[in-house]
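Remarks on the structure that follows.
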Amino acid sequence: MEQQAPRAAHGDSTCKGEARTMAVSEGGSGTWLLEDALVKRAAGAIFEADFLLVAGGAGLSADSGLPTFAGINKKLGSEQAGQMSYDQAAGSDMMCRDPGLFYGFWFACMHAYAEAEPHEGYRVLQGWRKDVENRHALRCRNRQAKTDAADEQSLEVGPEQPVFALTSNVDGFLRRAGVAAPGAVAEIHGSLRRWQCGGVPSGCRFPLLSRMRCGDELFESPPPEPVDLDAPRCDAPPPRCPRCKEGLARPNVYLFGDGDRFVADEETTGAAAYRQWCEAVIAALRRNDGLRLVIVEIGCGLRVPSIRKRCEELFAACAVGQAELVRINPEFAQQGIVAAPTVSLVAPALTALRQIQAEVDKLQAVPAP
Ligand SMILES: [Zn+2]
């Protein structure tokens, strides 16, 4: 990110006519201006949320000091002297064309992820999870106490887990940081924790594989070979599939150029659980118009907008006034594919999360009537 100049967040229609006050904040690689009214609106919604979806993209990971794919690739690029994009270096075909480069990239990522700690923003998100779960537990207790009540609406509690985490990131940080319960996390592009059979390279330019993967079974990632992070290449023999012993083992991550080479198991990625969660939340909101959903979408870009699109789809399926879509992104925060966000905060993840939390703290400090 090369953003340096302060940027003003744009208000939405609800803030028109109000004097706009801005909070200046240092974060990421620049100075950011966040509109007070929008930060307060986000905090208020989170403070009262019955259901919470945390959706994270690359911009959420970036603040943990993780080297970005592009950054790792720059190092590869200097060694290769070629201008190869990280898509290609870490992509599906490279496993056959240049395994040293391919495994160097992915082992370097595994080392970097293992050494990095999830940043403070993840703790903020974990705190929101606890608050929403506490409110949910209270609703569940109330329901038990009032089993004979005629008022069915007030007995609606929604899905078992009121908080869900959805991500296209493969670093596993949302899971590691406990942003949602283990069964309520979807990593739709896979995760570096699990590997799969990649098939047998042919040694020819075409076809690249003499045999496709032996099956869809996933296995634990092999221990990463040591690689020099300043010139990540792996000279060790590529890891083999423990099942067929012939195919190369590779991350169960949706790689550039993968097509159906990626084992897209919806049970494993959590995509199936996410769909069920959405259905249960939408049904609960319909049955009880007093319930509220907040979708916090963080650092989800437009390049591969799979997470953005899912957030907007869920938001669009909810009745007006029952859901908020809070988008945190230093770029294109207002742009919508299916629906526009109700709150767009133009800032990096950590900067925006800190500011929202400061407002949530103020709300929590007010004694309940
Ligand atoms: Zn195999």
Residue within segment 300-307 that is crowded, with 22+ Cβ neighbours inside 10 Å and assigned by TED's automatic domain parsing to the domain that holds ARG129 present: yes
Whichever residue in segment 222-240 is charged (D, E, K, R) and surrounded by 13 or more Cβ atoms within 10 Å (Cβ to Cβ) and, among such residues, is nearest to the ligand (Cβ to nearest atom): ARG240
Among the candidates ARG193, ARG243, ARG211, residue that is among the basic types (Lys, Arg) and away from the ligand (no atom under 16 Å from the Cβ): ARG193
Residue in segment 174-190 that is nearest to the ligand (Cβ to nearest atom), counting only those that are touching a strand residue (DSSP E or B) at 6+ places or on another chain (Cβ under 9 Å) and over 16 Å from VAL132 (Cβ atoms): GLY190
Test: GLU225 is charged (D, E, K, R) and either touching a residue at least 60 places away in the same chain (Cβ under 8 Å) or closer than 26 Å to ILE188 by Cβ (or both): yes
Pick from segment 246-277, criterion buried (at least 20 other Cβ atoms within 10 Å of the Cβ) and within 20 Å of CYS311 (Cβ to Cβ), ranking: farthest from the ligand (Cβ to nearest atom): TRP277
Filtered residues of segment 176-216 (kept if touching a residue at least 12 places away in the same chain (Cβ under 8 Å) and among the hydroxyl-bearing types (Ser, Thr, Tyr)): SER191, SER202
Any hit, segment 249-258, residues being polar (S, T, N, Q) and not in a loop (DSSP other than H, G, I, E, B): yes
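The values are calculated or read from the model by the stated rules, or taken from the named source; none is laboratory data. From a predicted model like this one, the values you see are computed outputs, not experimental measurements. Ideal geometry is used to build each Cβ from the backbone, glycine not excepted, and the neighbour counts take in all protein chains shown.
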